[in-house]
Amino acid sequence: MTKTLNHSIENIYIQVGQYDRYAIFDFYYNSSAFLKYGSTVHGLIIYTPLERATLEEAIMPGNNSNNDGLIKLDVVEDNPFYKELRTSGFYARDISRLSALDSRPIEKVYKSSLIKEIPNTVEIKFKSNPSKLHALEHLNFTNRIERGLPLLPNEKQRYTCLNFLIHPNEATWAEVKKILDDNKTNTVYDDVVITIWSYYHNFVDNNDSSAKLLLNTSLKKRRVQRTEFILKHLGISIKVLDAFKGSNYDSWKELMGVVMSFETTVIDVWGWTHPVWWDFERFIHIYLRHYKGFFLTGSSKGQGTSFQYHYRDIRRLIEIIIRNHKIEIENCLKANKPYNRYDEQGYYYNGNYYTFRIDKSGRLMQFHPQEN
């Protein structure tokens, strides 16, 4: 006797899938799913971009689809048994009852064009002190070293610099210079100058000081070099950048602020033996192409899909998604292989699918939302 299809994939999408609700499935006794997983499973339903787009069309007014199909779940439990729910899944025909557990208001964020907030965010406001930020950065580096977690070459340079400033008796300047000097020019790297004198500048406020003069010289070189990269990367002239300044001064000021302050860094700090990182070139590529606030008209390279988040949230968005793939990424990097998620493998988060590519060194090459 043929069992009645109590819940079709379309019905499941209408009730829980389209809203990304946490779904609870009860199975018919002795069904295939029951024998494999037990009486009940729960989690978020996994849809590929094509599956979600197909179901969106299927639930349009006038369509009356009612089909059996495979359901896969992203489950909280991290053991081999439940991992099969992500890969093998179960069929809708085995479901006797469907319910949902909601921890936030039910709303549809897929295809929404509004600016979004990262779910479960708690904002804590505090006043930052530049001198304390240097100390916190040094503490972060120290903790990672003590735990056996690697620092990037640029981070080692910055750590050496900060360590000498905060603990000047631990090494001589001659010893430190071996790490901080550029062998090609026999002078200290400009990045080092910026770190050292910006640190001292927090305590010495003297417009005529030689320290500030040296700092301003290095900052000017950084500004020229990085501005030239932006012009070349977007295929624009300085006139386009100046026009952007005139028409949207606040966004220009924000752009130039991050251009001047960005340092090569890891994306997610803790627990990585093979960290994912970005440098200025990849950082600026991602933001210039995909953050609306930095879109410059006249670019010969075109502009891609845009993040639906404020500037302050994009870094954390990238961090969350990268962290969710930590095991797979580290396995690839350990094997000296790149890691890619794109097209139908795009990762779904808060209403958008994301493409990202990481080269075999761990350098983040691309990260952007796909077209829904």
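The values are calculated or read from the model by the stated rules, or taken from the named source; none is laboratory data. Bear in mind that the values here come from a model prediction, so they are computed numbers and not experimental data. Please note: Cβ atoms are built from the backbone with ideal geometry, for glycine as well, and neighbour counts cover all protein chains shown.
Of everything in the range 50-87, what is under 20 Å from residue 26 (Cβ atoms) and in contact with a Lys or Arg (Cβ under 8 Å, 6 or more places away or on another chain)? Give them in sequence order. The answer is 68, 72, 73, 74, 75, 84, 85, 86. Here residue 135 meets each of (1) loosely packed, with under 12 Cβ neighbours inside 10 Å; (2) among the small types (Gly, Ala, Ser); (3) assigned to a helix (DSSP H, G or I) with one exception, condition (1). Taken as a whole, the structure places residue 103 among residues that are assigned to a loop (DSSP other than H, G, I, E, B), in contact (Cβ under 8 Å) with a residue 40 or more places away in the chain and not β-branched (Val, Ile, Thr). Counting the residues of the range 30-50 that are in contact (Cβ under 8 Å) with a residue 60 or more places away in the chain and in a loop (DSSP other than H, G, I, E, B) gives 4. Under the condition of being buried (at least 19 other Cβ atoms within 10 Å of the Cβ) and either touching a residue at least 24 places away in the same chain (Cβ under 8 Å) or not assigned by TED's automatic domain parsing to the domain that holds residue 234 (or both), the residues counted in the range 287-301 number 6. In this structure, residue 314 does satisfy being in a helix (DSSP H, G or I), free of Cβ contacts under 8 Å to residues at least 40 places away in the same chain, closer than 20 Å to residue 109 by Cα and assigned by TED's automatic domain parsing to the domain that holds residue 270.
Here is a yes/no grid of residues against (1) closer than 23 Å to residue 20 by Cα; (2) at pLDDT 90 or above; (3) not assigned by TED's automatic domain parsing to the domain that holds residue 320:
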{"position": "76", "(1), (2), (3)": "yes, no, yes"}
{"position": "85", "(1), (2), (3)": "yes, yes, yes"}
{"position": "92", "(1), (2), (3)": "yes, yes, yes"}
{"position": "115", "(1), (2), (3)": "yes, yes, yes"}
{"position": "120", "(1), (2), (3)": "yes, no, yes"}
{"position": "136", "(1), (2), (3)": "no, no, no"}
{"position": "155", "(1), (2), (3)": "no, yes, no"}
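In the range 166-185, the condition of being at pLDDT 80 or above, within 32 Å of the chain's Cα centre (by Cα) and within 19 Å of residue 261 (Cβ to Cβ) is met by no residue.
Among 284, 329, which is the only one that is among the β-branched types (Val, Ile, Thr), within 22 Å of residue 229 (Cα to Cα) and in contact with a helix residue (DSSP H, G or I) (Cβ under 8 Å, 6 or more places away or on another chain)? Sole residue among the options that is among the β-branched types (Val, Ile, Thr), within 22 Å of residue 229 (Cα to Cα) and in contact with a helix residue (DSSP H, G or I) (Cβ under 8 Å, 6 or more places away or on another chain): 284. In the range 113-124 there is no residue that is at positive phi, in contact with a strand residue (DSSP E or B) (Cβ under 9 Å, 6 or more places away or on another chain) and surrounded by 15 or more Cβ atoms within 10 Å (Cβ to Cβ).
Run down 231, 214 and say which single residue is within 25 Å of residue 279 (Cβ to Cβ) and modelled with pLDDT under 90.
Criteria check complete, one pass: 214.
Being in contact with a strand residue (DSSP E or B) (Cβ under 9 Å, 6 or more places away or on another chain), surrounded by 14 or more Cβ atoms within 10 Å (Cβ to Cβ) and either polar (S, T, N, Q) or assigned to a helix (DSSP H, G or I) (or both) holds for only one residue in 321, 284, and it is 321. Would you say residue 330 is assigned to a helix (DSSP H, G or I), in contact with a His (Cβ under 8 Å, 6 or more places away or on another chain) and closer than 19 Å to residue 86 by Cβ? Against the criterion (assigned to a helix (DSSP H, G or I), in contact with a His (Cβ under 8 Å, 6 or more places away or on another chain) and closer than 19 Å to residue 86 by Cβ), residue 330 qualifies.
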